[in-house]
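The values are calculated or read from the model by the stated rules, or taken from the named source; none is laboratory data. Quantities reported herein were computed from a predicted structural model and do not represent experimental measurements. Reconstructed Cβ throughout: ideal geometry from the backbone, glycine too, with neighbour counts over all protein chains shown. Calculation scope for accessible area: heavy atoms of the full protein, side chains included, ligands and nucleic acids excluded. Shrake-Rupley method; radii C 1.70, N 1.55, O 1.52, S 1.80 Å.
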Amino acid sequence: MTDGSSKSGIIAARLRNYFLTGLIICAPVAITVWLVRSFIEWADSWVKPYLPSFYNPDTYSPVAIPGFGLLVAIVVITLVGFLTASIIGRSIINFGESLLNRTPLVRTIYKSLKQIFQTVLQDQSSSFKKAGLIEYPSPGLWSLVFIATDAKGEIAAKFDERGMDMVAVFLPPTPLPTAGFLLFVPRDKIVPLQMSAEDAAKLLISGGLVTPDHKPLADAPPRPITQQKRA
């Protein structure tokens, strides 16, 4: 009876290990495929309804062709960027923006979104490309943040009056860092990290389980938070 029980326990342990190993391999693949498919279907649902039936391949195919709407969106966005580089295209864009800027409520949303995209997508911008640690929510407790930019505008002026050099940071929650808090932290209170923003995001999403490898720089001082030009 003892030998039978031990063999059954060994088999059960092996099966459990096999299942966990398979789960580790299959789960990320399945979730990635689901996310990609959901994004493609979302893009198709926005673009395909506006396509003439003559140009929509679903008209001639008994099965819906996924990704065609996303491809059309990429081509249109690239074409708009190309036309904007010309004088005529720039004039058309400026005319369209002038109409939006005259529309109440819409102009506020448009200007805010445009400024966000310009700040995030500009090559020279370092916003959200660095991670750091701040002592939050109380002394002795540390939180991982993404470094956004220096305080600007009226907020920067108010801090300057008090002799404070402040940096805007984004404090995301775990495990979904899609929302969070905007905090203004003194520059010398931020501990900059060498890890990339992608590795910091992995650390947040995993709840601290996925920790990036650390390769200390020999005789290198802590990397300072570079001061950006204020608007």
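Values as computed for the structure displayed
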item: Single unsatisfied condition, Trp42 versus (1) open to solvent by 80 Å² or more (accessible area, probe 1.4 Å); (2) over 17 Å from Ile74 (Cβ atoms); result: (2)
item: Filter result for Ala13 (surrounded by 13 or more Cβ atoms within 10 Å (Cβ to Cβ) and either in a helix (DSSP H, G or I) or not hydrophobic (A, V, I, L, M, F, W, C) (or both)); result: no
item: Restricting segment 172-196 to residues that are in contact with a helix residue (DSSP H, G or I) (Cβ under 9 Å, 6 or more places away or on another chain) and aliphatic (A, V, I, L, M), the residue that is farthest from Trp142 (Cα to Cα); result: Leu176
item: Condition broken by Gln115, with the remaining ones in (1) exposed (fewer than 13 other Cβ atoms within 10 Å of the Cβ); (2) touching a strand residue (DSSP E or B) at 6+ places or on another chain (Cβ under 7 Å) satisfied; result: (2)
item: Residue match in segment 48-55 (condition: part of a helix (DSSP H, G or I), surrounded by 10 or more Cβ atoms within 10 Å (Cβ to Cβ) and out of contact with any helix residue (DSSP H, G or I) (no Cβ under 6 Å at 6 or more places or on another chain)); result: no
item: Criterion (loosely packed, with under 10 Cβ neighbours inside 10 Å, hydrophobic (A, V, I, L, M, F, W, C) and modelled with pLDDT of 85 or more) met by exactly one of Leu105, Leu141; result: Leu141
item: Single residue of segment 148-170 satisfying the filter (within 16 Å of Ala197 (Cα to Cα) and modelled with pLDDT under 90) that is most open to solvent (accessible area, probe 1.4 Å); result: Thr149
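Condition check ((1) in a helix (DSSP H, G or I); (2) small (Gly, Ala, Ser); (3) farther than 30 Å from Leu182 by Cβ; (4) open to solvent by less than 90 Å² (accessible area, probe 1.4 Å)) across all residues:
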residue	(1), (2), (3), (4)
Val63	no, no, yes, no
Leu71	yes, no, yes, no
Leu79	yes, no, yes, no
Ser91	yes, yes, yes, yes
